[in-house]
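Enquirer: For reference, the structure I am asking about is given below.
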């Protein structure tokens, strides 16, 4: 089944699941072909270009004339050119400041421009906070919907349904207003038939939810699938992400998914603030020459910080996460703005108060039990487990995703989602620890058992005569604990294997909660084991010093926390941000050292097995051009070895500064697919003038043909200030000075590649020109650099895709 | 505050999914919790008392204000005689909690209506739209399209821009076609070429 044939077939027939839905939907302002450019007042500016010839002296205002809509924006899957963005931003800002002296309106405009950045951050924070509140409440409700419904009001989840009524101490879940499905349908909740009915309803609801999610994703927002993180890391701009539909799709699709193995945490990290606000400022900014005053990179970082802040209740951790994982290029201004966005998001979520207790996250715990130095040994063991699991997970998930990508398996995404959900639901129901939502599971595992708890995990053998209140000594495990242990072990095995298949499906799904769950289960198991060991053998040398009988020395909840941190670190390879998020989650400053120990150990172990974290691995799998800042380039090649054209290639495609016609340029543009062209003085002397982007060229020429008088195919295009005089009968000259970048980066051909790679990384360049004795010799793009690195590392250089 | 607001609203009149609209929607979400007065349904004091001697554990709920939220006010009837009350109350833990039922109701209803609307819309598009819409000659070129996105932009740009009149309906049509094209492209990228995290 060859690719082309398949594609045509899928357009016309409805063979597989891929029925093409004819969608005429809500329109979205899109940068490509604007049939209604809001440029009425700028059109006057263009007519001034028509002087042609000697009269075409450019003035300051010509240069700073509002650019066309679409000039300077990006196409799908092009990387952001950070340097260009920064310089353009500075130019715009300077222009506004200069103009501010002219009139009060301009002054106000400049003031608003200065504040617009902060305003945008405010909006991002508000949006993140409110969407987080929406997701929390809705996701909880839908999770509980699988088990039953509230008679007092269908919009209540289980906990809120039983809020008002008196529940018993041992059975905190039962109250008259909440009816499970079997109770509703059959009238009673006991017996084999009721169990089967509950089971069936659970599976049916789970299937319905995931079907809803995948349909929304497929129908409206295909880019909303996955966690979105690998697409964001290289700083890529997706026009598809740049409408809010992926955001909405992710938000709406996240709730249904909560029942299955993945959770919606990952989505909170990115999606909704970034797409609409990212696109809106860029678009409006270019079209109207002054807007939010922010670069896409800043918006990305701020949105990431705000997302983590509400997902984990960790504002500082969010900022650090954004610094560590997201930003390619992170000036201090971004740090401050991200901090602000995270703060606003946290406030907003707090005001919505989704959990009814003024906490931001479901598993906020407060421990203050001290830990002993000897406990570092089990913590390091947990770190090793986290590293091993992380490496195992990455390998298997990549293998599965590769298989999905290459073979027929990938052709049936809806069916795949359906089958995986069905299997997950069927396996999850019997074990109560997999039946409950993952966040609740983590919360229960982190919880330290006191006398007020009556869950199975806390069924220790109690001594009623002691009146110590909450400070209970280590006790022998009762039968409930043993049951809980083996159920948790089964849950662990199931989660370890199922997450491999669910991460990467065509629904919004993240990785944070599942890996924290795996770690928490492992940690709790180890913690209870150590606790029982200390209780039964308190006279051993290692325990006798600090853990005498009757003392409360081991806290299994802490082990669960450390385990969660270790597993998350093993998978994502985060270090500082992980520790900060974890201790913000728990409020336990005493636990920084165990968390750091576990995070470092897991990172070392995982790095020893496989170099890449999960996101880097997915980036490589998809061939995104991400130049990692973490690796050193240590080969002795030079720029001339990497540049294009190589020895046997056709010569470099260049545009001359004032001797090519519109037709020539159009031919070049249509016959090649390069994203930019160098401009030289003339073909004989290949001295460099500047660099012009393909997109800008296309848009300017089209616009000129439509709007300017006298521009025909034989019009000469002139990129300089002073165009050569032409005989009066010739058509008027098209001046494209404004789209030319006069300061492209150049290196000489003898520059070592180490320096070139460094330049690309540090400045975030997309391409760099190579000169020899002042003459243009070739070009190096980011893709070439990546291919070269891959070649040097003996990887497959053809796996790097895109522009 | 900013000069582009009027333009944004003008353009948003033809965009159904504008972020500004989304923000307004969220504003409505935020308003109810801000304005809702505390009905008696929404506060409670929850006291959890563990098993004590031969008395089993119990949970007490009462809606009292925060200053009255302690064992003496909430635990009624007191299961232990007078001299034991203090010891018993030391074991009990009382917490004051409040929630907003209005927020929950509003959020769930908003969520359900949005999802419902999207599903209805999708059903409409799948079932009804192909019947009422004649096969558009514009969409044919899409079927024969090759992989390159650049020729795509060159080809559709001029044809699309030149042909449309400026009435609102036609503008909406144009925008719809663009969106359709966009989603189709995305779908191709994700589902056919598996370029996105699969």
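Here is a yes/no grid of residues against (1) modelled with pLDDT of 80 or more; (2) within 8 Å of another protein chain (Cβ to nearest Cβ); (3) surrounded by fewer than 15 Cβ atoms within 10 Å (Cβ to Cβ):
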{"position": "B:104", "(1), (2), (3)": "yes, yes, no"}
{"position": "B:110", "(1), (2), (3)": "yes, yes, no"}
{"position": "B:113", "(1), (2), (3)": "yes, no, yes"}
{"position": "B:116", "(1), (2), (3)": "yes, no, yes"}
{"position": "B:121", "(1), (2), (3)": "yes, yes, no"}
{"position": "B:132", "(1), (2), (3)": "no, no, yes"}
{"position": "B:137", "(1), (2), (3)": "no, no, yes"}
{"position": "B:188", "(1), (2), (3)": "no, yes, no"}
{"position": "B:198", "(1), (2), (3)": "no, yes, no"}
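Enquirer: Taking residue B:168 as meeting all but one of (1) at the interface with chain A (Cβ under 7 Å from one of its Cβ atoms); (2) at pLDDT 70 or above; (3) more than 23 Å from residue A:220 (Cβ to Cβ), write down the number of the exception.
Expert: Condition (1) is where residue B:168 drops out.
Enquirer: Mind counting the residues in the stretch A:541-587 that are assigned to a loop (DSSP other than H, G, I, E, B) and under 17 Å from residue A:449 (Cα atoms)?
Expert: Start the filter on the stretch A:541-587 by keeping residues that are assigned to a loop (DSSP other than H, G, I, E, B), which leaves A:545-555, A:573-575, A:587.
Narrowing further to those that are under 17 Å from residue A:449 (Cα atoms): A:550-555.
Residues meeting the conditions: 6.
Enquirer: Right, another one. Pick out the one residue from A:442, A:398 that is within 14 Å of chain B (Cβ to nearest Cβ) and at pLDDT 85 or above.
Expert: A:398
Enquirer: Is one or more of the residues making up the stretch A:89-111 crowded, with 21+ Cβ neighbours inside 10 Å, in contact (Cβ under 8 Å) with a residue 40 or more places away in the chain, closer than 30 Å to residue A:766 by Cβ and out of contact with any strand residue (DSSP E or B) (no Cβ under 7 Å at 6 or more places or on another chain)?
Expert: No, the conditions are met nowhere in the stretch A:89-111.
Enquirer: Being under 21 Å from residue A:496 (Cα atoms) and free of Cβ contacts under 8 Å to residues at least 40 places away in the same chain is the filter here, so list the residues in the stretch A:528-542 that pass it.
Expert: The one that is under 21 Å from residue A:496 (Cα atoms) and free of Cβ contacts under 8 Å to residues at least 40 places away in the same chain: A:529.
Enquirer: All but one of (1) more than 19 Å from residue A:310 (Cβ to Cβ); (2) more than 12 Å from every other protein chain (Cβ to nearest Cβ) hold for residue A:111; state the number of the condition that does not hold.
Expert: So the condition that residue A:111 fails would be (2).
Enquirer: Considering only residues that are touching a helix residue (DSSP H, G or I) at 6+ places or on another chain (Cβ under 8 Å) and buried (at least 21 other Cβ atoms within 10 Å of the Cβ), which ones fall in the stretch A:685-694?
Expert: Within the stretch A:685-694, A:692, A:693 qualify.
Enquirer: OK, next. Name, by its number, the condition in (1) surrounded by fewer than 15 Cβ atoms within 10 Å (Cβ to Cβ); (2) within 34 Å of the chain's Cα centre (by Cα); (3) in contact (Cβ under 8 Å) with a residue 12 or more places away in the chain that does not hold for residue A:165.
Expert: Failing condition for residue A:165: (2).
Enquirer: May I pose another question? More than 20 Å from residue A:556 (Cα to Cα) and assigned to a helix (DSSP H, G or I): is that true of residue A:384 in this structure? Explain how you work it out, then say what you get.
Expert: Values: more than 20 Å from residue A:556 (Cα to Cα): no; assigned to a helix (DSSP H, G or I): yes.
It is false that residue A:384 is more than 20 Å from residue A:556 (Cα to Cα) and assigned to a helix (DSSP H, G or I).
Enquirer: May I ask you to say which residue of A:389, A:371 is surrounded by 20 or more Cβ atoms within 10 Å (Cβ to Cβ), away from chain B (no Cβ under 14 Å), part of a loop (DSSP other than H, G, I, E, B) and modelled with pLDDT of 70 or more?
Expert: Among A:389, A:371, only A:371 is surrounded by 20 or more Cβ atoms within 10 Å (Cβ to Cβ), away from chain B (no Cβ under 14 Å), part of a loop (DSSP other than H, G, I, E, B) and modelled with pLDDT of 70 or more.
Enquirer: Out of the residues in the stretch A:286-322 meeting the condition of being in a helix (DSSP H, G or I), more than 13 Å from the chain's Cα centre (by Cα) and closer than 17 Å to residue A:576 by Cα, tell me which one is modelled with the lowest pLDDT.
Expert: Among those that are in a helix (DSSP H, G or I), more than 13 Å from the chain's Cα centre (by Cα) and closer than 17 Å to residue A:576 by Cα, it is A:312.
Enquirer: Let me ask you something else. Which condition number does residue A:533 fail, the rest of (1) in a helix (DSSP H, G or I); (2) under 21 Å from residue A:441 (Cα atoms) being met?
Expert: Condition (2) is where residue A:533 drops out.
The values are calculated or read from the model by the stated rules, or taken from the named source; none is laboratory data. Since we're looking at a predicted model, the values are computed, not measured. Because the Cβ atoms are built from the backbone with ideal geometry, glycine has one as well, and the counts that use them run over all protein chains shown.
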